[in-house]
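Read-outs throughout are calculated quantities, based only on the coordinates presented, and are distinct from any laboratory measurement. Bear in mind the structure is a predicted one, so any value in this text is a computation, not a measurement. Here Cβ is always computed from backbone atoms with ideal geometry, including for glycine, and neighbour counts include all displayed protein chains.
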Amino acid sequence: MTKETTVRTLLPLPDATGIYTFPDDLDRAHQAWTDGLARRHRAHDHRVLEVTAPHSGQAYYIETRTPAGRPVLVIEPHHDDFALSASGTFLARPRPLTVVTVFTRSGSVHPALEATYTSVDAVSDLRGREGAAALAPFAARRRLLGHKDAEPPYGPYSSEMLDQVTEELREIAAAHPDAELLAPAAVTRHPDHLLIHAAAVRLGCRWFWEDLAFWSTYALAGCDRHLFRARTGPTMKPELVDVTSTVLDKVTVLRMHGSQMHPARKMYRPIRHAFTTAADLLDGNGTYAERFYRTEPKC
């Protein structure tokens with residue numbers, strides 16, 4: 001069985017057009033989707049929001065969501081983690097969101113732009129504006145904690161930092177007593193992700209997203225499906241859902257958070273596999289998963 005066939009068998013719907021599988025087809029599908037939303041915006045459809053990619057200044061269009069239901073307090077390590085790994089869930093099923101970003105100071109920028117963004121302050125400002133643009137369609141509130149992210153070569157986080165971040169998050173969680181907590185499951189082994197996962201567990205978090213978007217071949221492996229079943233349990237039943245509009249809107253979200261990335265398809269490479277799992281949700285809705293697949297682009 002070829003890799004292409006393997007990926008196609010895992011799609012939410014049969015991939016008749018290839019938009020989930022081939023980068024160029026996804027580019028064309030997204031452009032057509034954006035053009036249609038732009039026409040609605042010019043016709044004064046107030047449901048369509050214009051968002052601007054912070055680095056490139058390019059305008060995109062996306063239908064705003066109307067949050068409903070129990071609030072969610074999202075704890076993300078960096079500005080892009082929620083957008084990469086869990087945003088499709090809330091594009092499809094909007095909830096009131098407050099997003100807490102812990103590590104908001106960074107010197108990590110696309111190598112081609114290192115001469116443009118030459119300091120931690122400049123990079124952090126860009127990343128912050130990218131995070132704000134990516135969250136605009138969700139009507140999400142933001143809290144920025146201002147910590148500096150880890151730099152390679154990575155080592156273990158300190159217990160002192162874990163204690164400090166946990167207490168800062170505990171104060172925020174106490175101000176949102178009715179909210180469900182959502183945090184990364186920290187499969188990547190990145191020290192920032194591991195720290196936030198440990199802090200979230202201390203806070204009683206029971207809803208985690210799998211931050212597998214950073215593994216280049218993980219979604220093609222059988223162990224991925226085994227891990228998914230292990231986390232969701234045997235009772236979760238598949239549900240056939242057309243997620244085309246969600247996928248295309250998620251591309252727009254990813255072009256906000258990754259406005260510095262080029263070529264454009266590098267902005268949404270992680271859409272190949274990103275899913276959110278939930279277990280024992282307090283609102284009684286059971287478990288839910290977000291999964292989108294395509295093959296690795298050759299770029």
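Computed quantities for the displayed model
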| item | result |
| --- | --- |
| For region 50-180: rounded, prolate or oblate by the Cα gyration tensor [a/c cutoff 1.5] | oblate |
| Extension gain from Leu113 to Thr52, taking 0.36 nm per residue of separation minus the Cα-Cα distance | 20.1 nm |
| Cβ-Cβ FRET estimate between Arg39 and Ala68, R0 fixed at 30 Å, reported to 0.05 | 0.65 |
| Per-peptide average of other Cβ atoms within 10 Å, ordering 157-168, 37-48 highest first | 157-168, 37-48 |
| Modelled FRET efficiency - R0 22 Å, Glu171 with Arg142, Cβ distances, 0.05 increments | 0.85 |
| Packing-based order for 78-88, 246-256, 92-102, 198-208, using average beta carbon neighbours within 10 Å, highest first | 78-88, 246-256, 92-102, 198-208 |
| Interchain or long-range residues, amide H under 5 Å from Ala186's placed H | Asp211 |
| Hz values of 3J(HN,Hα) by residue in region 135-146 - Karplus curve (6.51, -1.76, 1.60), Gly and Pro given as x | 8, 4, x, 8, 6, 8, 7, 10, 10, 10, 8, x |
| Cβ crowding within 10 Å averaged over residues, with 170-180, 128-138 ranked highest first | 128-138, 170-180 |
| Segment Arg206-Asp121, extension gain: residue separation times 0.36 nm, minus the distance between their alpha carbons | 27.2 nm |
| Relative contact order %, region 53-107, counting alpha carbon pairs below 8 Å whose residues are six or more apart | 44 |
